[in-house]
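Just below is one structure, and these are the notes that go with it.
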Amino acid sequence: MAFYDASKIETLYDQATLDARNRELGAQITADYKGKGDLVLVGVLRGSFPFIADLCRYIDLPVEVDFLGLSSYGDRTETSGIVRMTQDLSEPIKGKHVLVVEDIVDTGLTMKYLLANLHTREPASVRVATLLHKPDGMRVHVDLDYVGFTIPDRFVVGYGLDFSRKLRNLPFIGVVTNSDLIYPNTP
Ligand code: PRP
């Protein structure tokens, strides 16, 4: 029995669909960066951890993987509009090709902040791979180079995306249709 009530979460993209899209994106990224020099994947914590873990295994190149943490939603479903860096990269990116790996671009505020920050570190290039893009939510323009799925303006959970800090471990992406008693089988 699952820890959540499946009748309260509508599936948008199941595990097989996510896997197939990750494989396609990985192949595209491999082709684009082959022979181009050092590539570092930069995962944006916390939401990107399942996506970057799965995507990097479909990239057939000697990539580095690093992480930084950004937060603007806290426990809310609406952005505060203020992006906070909660953790910085472990290594310099000067002269390297950087591919930012995000779970979702919604208003674009997080990505805009991040790209401005990364450019000051003089990388060879910066591109963005996001699993989900919500065009209706965009408040600022950012160029997205690799997009897994374009989604409607709904609050999505799972596969890294949280609902009050939980549900990041769902293996699929879904929408909570009823937030009462999502966890009936846990104390
Ligand atoms: C989420 C998500 C993106 C950002 C996108 O992060 O992981 O980083 O919001 O939203 P935006 O385009 O409207 O800025 P959140 O602040 O919830 O932190 P988390 O990844 O730790 O859940």
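Per-structure values
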read-out: Cα-based helix-to-principal-axis angle, 109-119 vs the chain, degrees rounded to 10; value: 20
read-out: Relative pair counts by distance (%), Cα atoms of the chain, 10 Å bins; value: 9, 37, 35, 15, 4, 0
read-out: Amide hydrogen neighbours beyond the local backbone of V65, cut-off 5 Å, H modeled; value: L41
read-out: Cα-projected label distance for E78 with D19, points at 7 Å along beta-carbon direction, nm; value: 4.0
read-out: Neighbour cut-off at most 15 other Cβ (10 Å), DSSP loop, trypsin sites (Lys or Arg not before Pro), the stretch 133-187; value: R139, R154, R165
read-out: All lysines inside 21 Å of K112 as judged from Cα atoms, apart from same-chain residues fewer than 8 positions distant; value: K94, K96, K134
read-out: Peptides ranked, highest mean first, by Cβ atoms within 10 Å: ranges 172-178, 51-57, 78-84; value: 51-57, 172-178, 78-84
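Taken together, the values in this text are just the output of simple stated rules run on the coordinates, not laboratory data. Every value quoted in this text rests on a predicted model; they were computed, and no experiment measured them. Virtual Cβ from ideal backbone geometry, glycine too; neighbours counted across all protein chains shown.
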